[in-house]
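What follows is a set of notes on a single structure, which appears directly below.
The values are calculated or read from the model by the stated rules, or taken from the named source; none is laboratory data. From a predicted model like this one, the values you see are computed outputs, not experimental measurements. Please note: Cβ atoms are built from the backbone with ideal geometry, for glycine as well, and neighbour counts cover all protein chains shown. Side chains are part of the model used for accessible areas, which takes the heavy atoms of the whole protein and leaves out ligands, DNA and RNA. Shrake-Rupley method; radii C 1.70, N 1.55, O 1.52, S 1.80 Å.
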Amino acid sequence: MQGMRDVLKGSLARSLRAFDEVDRLAAAWPVVCGKATAERAVVAGYADGIVLLEAVNEAWMHEMMNMRGRLTRELARIAGVPVKDIRIAIKRNSRR
């Protein structure tokens with residue numbers, strides 16, 4: 001099963017090449033972290049290798065900080081965008 005996931009991730013990376021960096025990162029986000037986590041944060045921006053995520057609340061912000069190393073590597077690999085770091089903020093006007 002893991003082999004199939006790797007094939008699908010590689011296929012996604014190739015298909016995203018036509019999009020700008022933020023769209024590529026946003027499309028890769030649910031694949032990188034899974035549906036449940038992806039519903040708790042969004043890719044809000046990208047500049048100079050830094051991805052900005054907006055989490056729904058402080059608890060999810062801390063959860064993503066704990067996963068930051070893996071998220072950084074996987075976002076770069078799947079989105080095909082250079083990612084040096086991830087910054088995480090709490091989304092304003094969040095209802096979760």
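Computed quantities for the displayed model
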{"read-out": "Filtered residue count, the range 25-66, keeping only those that are in contact with a Ser or Thr (Cβ under 9 Å, 6 or more places away or on another chain) and surrounded by fewer than 15 Cβ atoms within 10 Å (Cβ to Cβ)", "value": "1"}
{"read-out": "Residues that are under 14 Å from Arg24 (Cα atoms) and open to solvent by 70 Å² or more (accessible area, probe 1.4 Å), drawn from the range 67-79", "value": "Arg77"}
{"read-out": "Any chance Leu16 is modelled with pLDDT of 95 or more and buried (at least 17 other Cβ atoms within 10 Å of the Cβ)", "value": "no"}
{"read-out": "Residue count for the range 81-96, restricted to those that are surrounded by fewer than 18 Cβ atoms within 10 Å (Cβ to Cβ) and part of a loop (DSSP other than H, G, I, E, B)", "value": "7"}
{"read-out": "Residue within the range 58-76 that is on the phi > 0 side of the Ramachandran plot and either part of a strand (DSSP E or B) or not small (Gly, Ala, Ser) (or both) present", "value": "no"}
